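The values are calculated or read from the model by the stated rules, or taken from the named source; none is laboratory data. Not measured: the values here are computed from a predicted model. Here Cβ is always computed from backbone atoms with ideal geometry, including for glycine, and neighbour counts include all displayed protein chains.
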Amino acid sequence: MIDLRSDTVTQPTTAMRQAMAQAVVGDDVYGEDKTVTKLEETAAQMLGKEAGLFVTSGTQGNQVAILTHTKRGEEVIVEADAHVFYYEVGAMAALGGLQTRPIAGERGMMPLTAMEEAIRPQNIHFPETGLICLENTHNRAGGTVLPLSYMQSVKELADRNHIPVHLDGARLFNAVVASGISAKEYAATVDSVQFCLSKGLAAPVGSVLVGTAEFIEKARKWRKMLGGGMRQAGVIAAPGLIALTQMVDRLADDHVRAKRLAQGLANIRGIVVDVDRVETNIVIADVRDSGLTPDEFLATLSECGVLAAGFGGTLVRFVTHVDITDDHIDETIAAAAFTTRMR
(Lines give C-alpha, C1' and ligand atoms only; values in the text may rest on other atoms or scores of the structure.)
Protein backbone atom coordinates (compact mmCIF):
# COMPACT_ATOMS: atom_id res chain seq x y z
CA MET A 1 0.00 0.00 0.00
CA ILE A 2 1.04 3.58 -0.67
CA ASP A 3 0.44 5.04 2.80
CA LEU A 4 -0.23 8.77 2.74
CA ARG A 5 -2.34 8.90 5.89
CA SER A 6 0.42 10.61 7.90
CA ASP A 7 4.16 11.05 8.19
CA THR A 8 3.90 9.06 11.44
CA VAL A 9 3.78 5.81 9.44
CA THR A 10 7.43 5.96 8.35
CA GLN A 11 9.68 2.98 8.91
CA PRO A 12 13.02 3.50 10.71
CA THR A 13 16.00 3.56 8.36
CA THR A 14 18.69 0.90 8.39
CA ALA A 15 21.02 3.33 10.15
CA MET A 16 18.35 3.93 12.81
CA ARG A 17 17.88 0.21 13.40
CA GLN A 18 21.63 -0.27 13.76
CA ALA A 19 21.86 2.66 16.15
CA MET A 20 19.08 1.18 18.28
CA ALA A 21 20.94 -2.13 18.54
CA GLN A 22 24.23 -0.49 19.46
CA ALA A 23 23.03 2.34 21.71
CA VAL A 24 24.82 3.02 24.98
CA VAL A 25 22.09 2.99 27.61
CA GLY A 26 21.48 3.56 31.30
CA ASP A 27 18.59 4.40 33.59
CA ASP A 28 17.36 7.77 32.33
CA VAL A 29 15.29 8.46 35.46
CA TYR A 30 18.62 8.43 37.31
CA GLY A 31 20.07 10.61 34.54
CA GLU A 32 22.42 7.83 33.47
CA ASP A 33 21.43 7.22 29.85
CA LYS A 34 24.18 8.88 27.83
CA THR A 35 22.34 8.52 24.52
CA VAL A 36 19.26 10.30 25.86
CA THR A 37 21.44 13.02 27.34
CA LYS A 38 23.19 13.51 24.00
CA LEU A 39 19.85 13.75 22.20
CA GLU A 40 18.55 16.33 24.68
CA GLU A 41 21.73 18.40 24.47
CA THR A 42 21.80 18.22 20.67
CA ALA A 43 18.18 19.32 20.42
CA ALA A 44 18.66 22.20 22.84
CA GLN A 45 21.73 23.40 20.95
CA MET A 46 19.96 23.22 17.57
CA LEU A 47 17.11 25.36 18.91
CA GLY A 48 19.26 27.74 20.94
CA LYS A 49 17.75 26.77 24.28
CA GLU A 50 19.47 25.85 27.54
CA ALA A 51 18.12 22.34 27.98
CA GLY A 52 15.99 19.59 26.48
CA LEU A 53 13.74 16.78 27.66
CA PHE A 54 13.08 13.56 25.72
CA VAL A 55 9.38 12.65 25.88
CA THR A 56 7.35 9.79 24.48
CA SER A 57 5.20 11.80 22.06
CA GLY A 58 4.26 15.23 20.80
CA THR A 59 1.11 15.23 22.88
CA GLN A 60 3.07 14.38 26.03
CA GLY A 61 5.60 17.10 25.20
CA ASN A 62 2.89 19.70 24.69
CA GLN A 63 1.04 18.76 27.85
CA VAL A 64 4.20 18.67 29.97
CA ALA A 65 5.02 22.16 28.69
CA ILE A 66 1.53 23.47 29.37
CA LEU A 67 1.48 22.02 32.88
CA THR A 68 4.91 23.50 33.60
CA HIS A 69 3.94 26.98 32.41
CA THR A 70 0.53 27.24 34.10
CA LYS A 71 -1.41 26.67 37.29
CA ARG A 72 -4.91 25.28 37.76
CA GLY A 73 -7.77 27.60 36.91
CA GLU A 74 -5.86 29.61 34.34
CA GLU A 75 -6.81 30.08 30.70
CA VAL A 76 -4.74 29.14 27.65
CA ILE A 77 -5.09 31.01 24.35
CA VAL A 78 -5.03 28.62 21.37
CA GLU A 79 -5.91 28.73 17.70
CA ALA A 80 -9.30 27.10 17.18
CA ASP A 81 -7.90 24.25 15.06
CA ALA A 82 -4.64 23.83 16.99
CA HIS A 83 -3.47 20.30 17.75
CA VAL A 84 -3.33 21.02 21.51
CA PHE A 85 -7.04 21.91 21.37
CA TYR A 86 -8.34 19.62 18.64
CA TYR A 87 -6.43 16.36 19.01
CA GLU A 88 -5.15 16.02 22.58
CA VAL A 89 -8.22 14.55 24.25
CA GLY A 90 -9.07 17.57 26.38
CA ALA A 91 -5.84 17.03 28.33
CA MET A 92 -5.50 20.64 29.41
CA ALA A 93 -8.82 20.42 31.24
CA ALA A 94 -8.45 16.85 32.46
CA LEU A 95 -4.85 17.05 33.64
CA GLY A 96 -4.24 20.72 34.30
CA GLY A 97 -7.63 22.09 35.33
CA LEU A 98 -7.18 24.66 32.58
CA GLN A 99 -9.68 26.49 30.42
CA THR A 100 -8.95 27.02 26.73
CA ARG A 101 -9.69 30.24 24.85
CA PRO A 102 -9.83 29.24 21.17
CA ILE A 103 -9.47 31.97 18.54
CA ALA A 104 -10.27 31.31 14.88
CA GLY A 105 -7.21 31.92 12.76
CA GLU A 106 -6.33 32.32 9.10
CA ARG A 107 -3.73 29.83 7.82
CA GLY A 108 -3.09 28.88 11.44
CA MET A 109 -2.51 32.46 12.62
CA MET A 110 -4.69 34.04 15.28
CA PRO A 111 -5.25 37.75 14.56
CA LEU A 112 -3.07 39.79 16.91
CA THR A 113 -5.97 42.11 17.80
CA ALA A 114 -8.18 39.16 18.73
CA MET A 115 -5.38 37.65 20.75
CA GLU A 116 -4.82 40.86 22.66
CA GLU A 117 -8.54 41.19 23.33
CA ALA A 118 -8.59 37.62 24.65
CA ILE A 119 -6.01 38.35 27.35
CA ARG A 120 -7.97 38.64 30.57
CA PRO A 121 -7.85 41.85 32.59
CA GLN A 122 -7.49 41.65 36.35
CA ASN A 123 -11.02 41.02 37.56
CA ILE A 124 -12.44 38.81 40.30
CA HIS A 125 -14.79 37.18 37.77
CA PHE A 126 -12.16 36.15 35.21
CA PRO A 127 -9.53 33.44 35.01
CA GLU A 128 -5.98 34.64 34.49
CA THR A 129 -4.41 34.14 31.07
CA GLY A 130 -1.56 31.74 31.77
CA LEU A 131 -0.18 30.82 28.34
CA ILE A 132 -0.35 31.38 24.59
CA CYS A 133 0.15 28.35 22.32
CA LEU A 134 1.24 28.50 18.68
CA GLU A 135 1.63 25.70 16.13
CA ASN A 136 4.21 25.67 13.32
CA THR A 137 3.70 24.10 10.86
CA HIS A 138 -0.04 24.13 11.41
CA ASN A 139 -1.56 20.72 10.73
CA ARG A 140 -5.23 21.55 10.18
CA ALA A 141 -4.34 24.64 8.16
CA GLY A 142 -2.70 22.27 5.70
CA GLY A 143 0.88 22.29 6.92
CA THR A 144 1.21 26.05 6.52
CA VAL A 145 4.25 27.87 7.86
CA LEU A 146 3.80 30.63 10.43
CA PRO A 147 5.96 33.61 9.35
CA LEU A 148 8.79 34.51 11.69
CA SER A 149 7.56 38.11 11.80
CA TYR A 150 4.16 36.93 13.05
CA MET A 151 5.74 34.85 15.80
CA GLN A 152 7.90 37.80 16.81
CA SER A 153 4.79 39.97 17.07
CA VAL A 154 3.06 37.36 19.24
CA LYS A 155 6.09 37.23 21.53
CA GLU A 156 6.14 41.03 21.87
CA LEU A 157 2.44 40.98 22.77
CA ALA A 158 2.96 38.17 25.27
CA ASP A 159 5.96 39.85 26.89
CA ARG A 160 4.03 43.10 27.36
CA ASN A 161 1.44 41.11 29.27
CA HIS A 162 3.92 38.84 31.11
CA ILE A 163 2.52 35.68 29.47
CA PRO A 164 4.75 32.80 28.30
CA VAL A 165 4.46 31.36 24.78
CA HIS A 166 4.72 27.66 23.92
CA LEU A 167 5.26 26.40 20.39
CA ASP A 168 3.84 23.09 19.25
CA GLY A 169 6.55 22.56 16.66
CA ALA A 170 5.67 18.95 15.87
CA ARG A 171 6.70 19.67 12.27
CA LEU A 172 8.96 22.63 13.01
CA PHE A 173 11.73 21.32 10.78
CA ASN A 174 9.32 21.28 7.85
CA ALA A 175 8.89 25.01 8.49
CA VAL A 176 12.66 25.41 8.71
CA VAL A 177 13.25 23.71 5.36
CA ALA A 178 10.34 25.45 3.62
CA SER A 179 11.23 28.95 4.82
CA GLY A 180 15.01 28.83 5.09
CA ILE A 181 14.67 30.25 8.62
CA SER A 182 16.67 28.38 11.24
CA ALA A 183 15.17 26.46 14.12
CA LYS A 184 17.03 28.82 16.49
CA GLU A 185 15.34 31.87 14.97
CA TYR A 186 11.89 30.34 15.37
CA ALA A 187 12.65 29.12 18.89
CA ALA A 188 13.88 32.57 19.93
CA THR A 189 10.30 33.85 19.62
CA VAL A 190 8.88 31.47 22.24
CA ASP A 191 9.63 30.26 25.76
CA SER A 192 9.35 26.54 25.02
CA VAL A 193 9.20 24.31 21.96
CA GLN A 194 8.09 20.73 21.45
CA PHE A 195 9.08 19.04 18.21
CA CYS A 196 8.50 15.50 16.97
CA LEU A 197 11.17 13.04 15.91
CA SER A 198 8.54 10.55 14.74
CA LYS A 199 6.93 12.50 11.89
CA GLY A 200 8.88 13.83 8.93
CA LEU A 201 12.20 13.09 10.62
CA ALA A 202 11.24 9.40 10.50
CA ALA A 203 12.38 8.19 13.93
CA PRO A 204 10.13 5.42 15.31
CA VAL A 205 9.13 7.21 18.52
CA GLY A 206 9.55 10.32 20.60
CA SER A 207 9.65 14.10 20.79
CA VAL A 208 11.86 16.64 22.51
CA LEU A 209 10.81 19.61 24.65
CA VAL A 210 13.29 22.47 24.99
CA GLY A 211 13.43 25.61 27.13
CA THR A 212 15.42 27.15 29.95
CA ALA A 213 17.27 24.87 32.35
CA GLU A 214 14.88 25.86 35.15
CA PHE A 215 11.84 25.17 32.97
CA ILE A 216 13.13 21.74 31.89
CA GLU A 217 13.94 20.78 35.49
CA LYS A 218 10.29 21.41 36.41
CA ALA A 219 9.08 19.74 33.22
CA ARG A 220 11.05 16.61 34.04
CA LYS A 221 8.97 16.13 37.19
CA TRP A 222 5.73 16.61 35.23
CA ARG A 223 6.95 14.03 32.71
CA LYS A 224 7.49 11.57 35.57
CA MET A 225 4.01 12.27 36.93
CA LEU A 226 2.52 11.52 33.50
CA GLY A 227 4.30 8.18 33.35
CA GLY A 228 7.01 9.34 30.99
CA GLY A 229 10.02 8.50 33.13
CA MET A 230 11.81 6.00 30.90
CA ARG A 231 14.65 3.69 31.86
CA GLN A 232 17.11 2.41 29.21
CA ALA A 233 15.60 4.83 26.72
CA GLY A 234 18.76 5.20 24.66
CA VAL A 235 17.46 2.48 22.35
CA ILE A 236 14.77 4.91 21.15
CA ALA A 237 16.82 8.08 21.59
CA ALA A 238 19.52 6.77 19.22
CA PRO A 239 17.34 6.91 16.10
CA GLY A 240 16.20 10.35 17.27
CA LEU A 241 19.79 11.55 17.02
CA ILE A 242 19.97 10.25 13.46
CA ALA A 243 16.67 11.97 12.72
CA LEU A 244 18.09 15.32 13.85
CA THR A 245 21.47 15.00 12.19
CA GLN A 246 20.62 13.21 8.94
CA MET A 247 16.93 13.60 8.11
CA VAL A 248 16.23 17.35 8.16
CA ASP A 249 17.47 18.46 4.74
CA ARG A 250 15.67 15.66 2.93
CA LEU A 251 12.30 17.12 4.03
CA ALA A 252 12.58 19.29 0.92
CA ASP A 253 11.88 16.16 -1.16
CA ASP A 254 8.61 15.63 0.72
CA HIS A 255 7.60 19.22 0.00
CA VAL A 256 8.30 18.89 -3.72
CA ARG A 257 6.30 15.68 -3.90
CA ALA A 258 3.39 17.20 -1.95
CA LYS A 259 3.23 20.11 -4.37
CA ARG A 260 3.26 17.75 -7.36
CA LEU A 261 0.55 15.63 -5.76
CA ALA A 262 -1.54 18.75 -5.13
CA GLN A 263 -1.19 19.85 -8.75
CA GLY A 264 -2.12 16.39 -10.00
CA LEU A 265 -5.19 16.12 -7.77
CA ALA A 266 -6.30 19.65 -8.67
CA ASN A 267 -6.44 18.60 -12.33
CA ILE A 268 -8.94 15.82 -11.57
CA ARG A 269 -12.57 16.71 -12.10
CA GLY A 270 -14.48 16.64 -8.81
CA ILE A 271 -11.44 17.26 -6.58
CA VAL A 272 -10.61 20.75 -5.35
CA VAL A 273 -7.14 21.56 -4.01
CA ASP A 274 -5.75 25.01 -3.24
CA VAL A 275 -2.31 24.31 -4.66
CA ASP A 276 -0.91 27.67 -3.54
CA ARG A 277 -1.56 26.75 0.09
CA VAL A 278 0.59 23.61 -0.08
CA GLU A 279 3.79 24.83 1.58
CA THR A 280 5.18 21.68 3.17
CA ASN A 281 4.20 17.98 3.16
CA ILE A 282 0.43 18.12 3.71
CA VAL A 283 -2.18 18.21 0.94
CA ILE A 284 -5.86 18.83 1.74
CA ALA A 285 -8.34 17.83 -0.97
CA ASP A 286 -12.05 18.62 -1.04
CA VAL A 287 -14.02 15.80 -2.68
CA ARG A 288 -17.52 17.27 -2.33
CA ASP A 289 -17.88 17.72 -6.12
CA SER A 290 -16.80 14.15 -6.87
CA GLY A 291 -20.19 12.66 -6.10
CA LEU A 292 -18.58 10.59 -3.36
CA THR A 293 -18.51 10.96 0.40
CA PRO A 294 -15.01 11.05 1.91
CA ASP A 295 -15.55 7.53 3.22
CA GLU A 296 -16.54 6.28 -0.24
CA PHE A 297 -13.62 8.10 -1.83
CA LEU A 298 -11.15 6.66 0.69
CA ALA A 299 -12.56 3.12 0.38
CA THR A 300 -12.20 3.08 -3.40
CA LEU A 301 -8.77 4.72 -3.16
CA SER A 302 -7.73 1.96 -0.75
CA GLU A 303 -8.89 -0.69 -3.21
CA CYS A 304 -6.48 0.95 -5.67
CA GLY A 305 -3.64 0.56 -3.19
CA VAL A 306 -3.53 4.07 -1.71
CA LEU A 307 -4.28 5.09 1.87
CA ALA A 308 -5.27 8.64 2.83
CA ALA A 309 -7.22 10.05 5.78
CA GLY A 310 -10.53 11.80 6.31
CA PHE A 311 -10.07 15.32 7.61
CA GLY A 312 -13.56 16.40 8.59
CA GLY A 313 -16.49 17.44 6.42
CA THR A 314 -15.72 16.69 2.78
CA LEU A 315 -11.95 16.93 3.18
CA VAL A 316 -9.29 14.26 2.67
CA ARG A 317 -5.66 14.61 3.79
CA PHE A 318 -2.54 13.26 2.08
CA VAL A 319 0.88 13.51 3.77
CA THR A 320 4.17 12.85 2.01
CA HIS A 321 7.17 11.40 3.85
CA VAL A 322 10.46 9.56 3.47
CA ASP A 323 8.85 6.32 2.29
CA ILE A 324 6.98 8.02 -0.58
CA THR A 325 8.65 8.10 -4.00
CA ASP A 326 7.97 9.96 -7.25
CA ASP A 327 6.36 6.81 -8.63
CA HIS A 328 4.05 6.67 -5.62
CA ILE A 329 2.88 10.21 -6.38
CA ASP A 330 2.09 9.25 -9.99
CA GLU A 331 0.23 6.14 -8.84
CA THR A 332 -1.74 8.14 -6.27
CA ILE A 333 -2.86 10.70 -8.85
CA ALA A 334 -3.93 7.89 -11.18
CA ALA A 335 -5.80 6.12 -8.37
CA ALA A 336 -7.62 9.33 -7.40
CA ALA A 337 -8.63 9.92 -11.03
CA PHE A 338 -9.93 6.34 -11.27
CA THR A 339 -11.81 6.76 -7.99
CA THR A 340 -13.70 9.83 -9.16
CA ARG A 341 -14.68 8.04 -12.39
CA MET A 342 -16.20 5.19 -10.38
CA ARG A 343 -18.91 7.34 -8.72
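Confirm whether G240 is touching a residue at least 40 places away in the same chain (Cβ under 8 Å) and not aromatic (F, W, Y). It would help to see each step written out before you state the result.
Numbers: touching a residue at least 40 places away in the same chain (Cβ under 8 Å): yes; not aromatic (F, W, Y): yes.
For G240, the condition - touching a residue at least 40 places away in the same chain (Cβ under 8 Å) and not aromatic (F, W, Y) - is met.
Go through region 86-112 and give me each residue that's surrounded by 14 or more Cβ atoms within 10 Å (Cβ to Cβ) and in a helix (DSSP H, G or I).
Once the filter is applied, which keeps residues that are surrounded by 14 or more Cβ atoms within 10 Å (Cβ to Cβ) and in a helix (DSSP H, G or I), region 86-112 yields Y86, A91, M92, L95, G96.
Which pairs have Cβ atoms under 6 Å, sit 6 or more apart or on different chains, and link a residue in region 94-111 that is farther than 17 Å from T59 by Cα to one that is hydroxyl-bearing (S, T, Y)?
R107/T144; G108/T144; M109/Y150
Take the residues in region 180-225 that are within 16 Å of the chain's Cα centre (by Cα) and of a type in the set (S, T, Y); name whichever of them is surrounded by the most Cβ atoms within 10 Å (Cβ to Cβ).
Restricting to residues being within 16 Å of the chain's Cα centre (by Cα) and of a type in the set (S, T, Y), the top hit is S192.
Please determine whether any residue of region 317-328 is over 28 Å from the mean Cα position of the chain (by Cα), in the same structural domain as Q263 (by TED's automatic domain parsing) and assigned to a loop (DSSP other than H, G, I, E, B). Quick ask: steps written out before the conclusion?
Going residue by residue through region 317-328, those that are over 28 Å from the mean Cα position of the chain (by Cα) are none.
Taking every residue of region 317-328 in turn, none turns out to be over 28 Å from the mean Cα position of the chain (by Cα), in the same structural domain as Q263 (by TED's automatic domain parsing) and assigned to a loop (DSSP other than H, G, I, E, B).
Residues being within 18 Å of the chain's Cα centre (by Cα), farther than 30 Å from K38 by Cα and part of a helix (DSSP H, G or I): count how many of those fall in region 240-298.
Residues meeting the conditions: 2.
Do you know which of the residues in region 57-76 that are without any contact (Cβ under 8 Å) to a residue 60 or more places away in the chain and crowded, with 17+ Cβ neighbours inside 10 Å is farthest from the chain's Cα centre (by Cα)? Talk me through it step by step, then tell me what you get.
First, the residues of region 57-76 that are without any contact (Cβ under 8 Å) to a residue 60 or more places away in the chain: 59, 71-76.
Within this subset, residues satisfying the condition of being crowded, with 17+ Cβ neighbours inside 10 Å are 59, 74-76.
Numbers: T59: 9, E74: 24, E75: 22, V76: 18 Å.
Filtering first and then ranking leaves E74.
Kindly provide the set of residues from region 287-300 that are surrounded by 18 or more Cβ atoms within 10 Å (Cβ to Cβ) and closer than 17 Å to V273 by Cα, ordered by number. Talk me through it step by step, then tell me what you get.
Within region 287-300, the subset surrounded by 18 or more Cβ atoms within 10 Å (Cβ to Cβ) is 287, 290, 292, 294, 297-298, 300.
Selection gives V287, S290, L292, P294, F297, L298.
For region 301-316: of the residues being surrounded by 16 or more Cβ atoms within 10 Å (Cβ to Cβ) and assigned to a loop (DSSP other than H, G, I, E, B), which is nearest to the chain's Cα centre (by Cα)?
Step one: list which residues in region 301-316 are surrounded by 16 or more Cβ atoms within 10 Å (Cβ to Cβ), which gives 301, 304, 306-308, 310-311, 314-316.
Retained after the next criterion (residues that are assigned to a loop (DSSP other than H, G, I, E, B)): 304, 308, 311, 314.
Details: C304: 29, A308: 18, F311: 16, T314: 23 Å.
Checked region 301-316; the qualifying residue nearest to the chain's Cα centre (by Cα) is F311.
Of the residues S153, S192, S149, only one is under 30 Å from V256 (Cβ atoms) and among the hydroxyl-bearing types (S, T, Y); which? Give the derivation first.
Numbers: S153 fails: under 30 Å from V256 (Cβ atoms); S192 fails: under 30 Å from V256 (Cβ atoms).
Selected residue: S149, the only one of S153, S192, S149 that is under 30 Å from V256 (Cβ atoms) and among the hydroxyl-bearing types (S, T, Y).
From the residues in region 22-56 that are in a loop (DSSP other than H, G, I, E, B) and β-branched (V, I, T), which one is nearest to the chain's Cα centre (by Cα)? First the steps, then the outcome.
Residues of region 22-56 in a loop (DSSP other than H, G, I, E, B): 23-27, 31-33, 48-50, 56.
The next check asks that each one be β-branched (V, I, T); those that pass are 24-25, 56.
Values: V24: 28, V25: 28, T56: 14 Å.
Residue satisfying both the conditions and the ranking: T56.
Restricting region 122-167 to residues that are among the β-branched types (V, I, T) and either part of a helix (DSSP H, G or I) or more than 17 Å from the chain's Cα centre (by Cα) (or both), which is farthest from G312 (Cα to Cα)?
Going residue by residue through region 122-167, those that are among the β-branched types (V, I, T) are 124, 129, 132, 137, 144-145, 154, 163, 165.
Subsequent filtering for residues that are either part of a helix (DSSP H, G or I) or more than 17 Å from the chain's Cα centre (by Cα) (or both) retains 124, 129, 154, 163.
Values: I124: 39, T129: 30, V154: 29, I163: 33 Å.
For region 122-167, the residue satisfying everything is I124.
Residue pairs, Cβ under 6 Å, 6 or more apart or interchain, first in region 270-296 and free of Cβ contacts under 8 Å to residues at least 60 places away in the same chain, second surrounded by 15 or more Cβ atoms within 10 Å (Cβ to Cβ) and aromatic (F, W, Y). List them.
The qualifying pairs are V287/F297.
From the list G130, G48, which one is surrounded by fewer than 24 Cβ atoms within 10 Å (Cβ to Cβ) and touching a helix residue (DSSP H, G or I) at 6+ places or on another chain (Cβ under 6 Å)?
Just one listed residue meets the conditions, G48.
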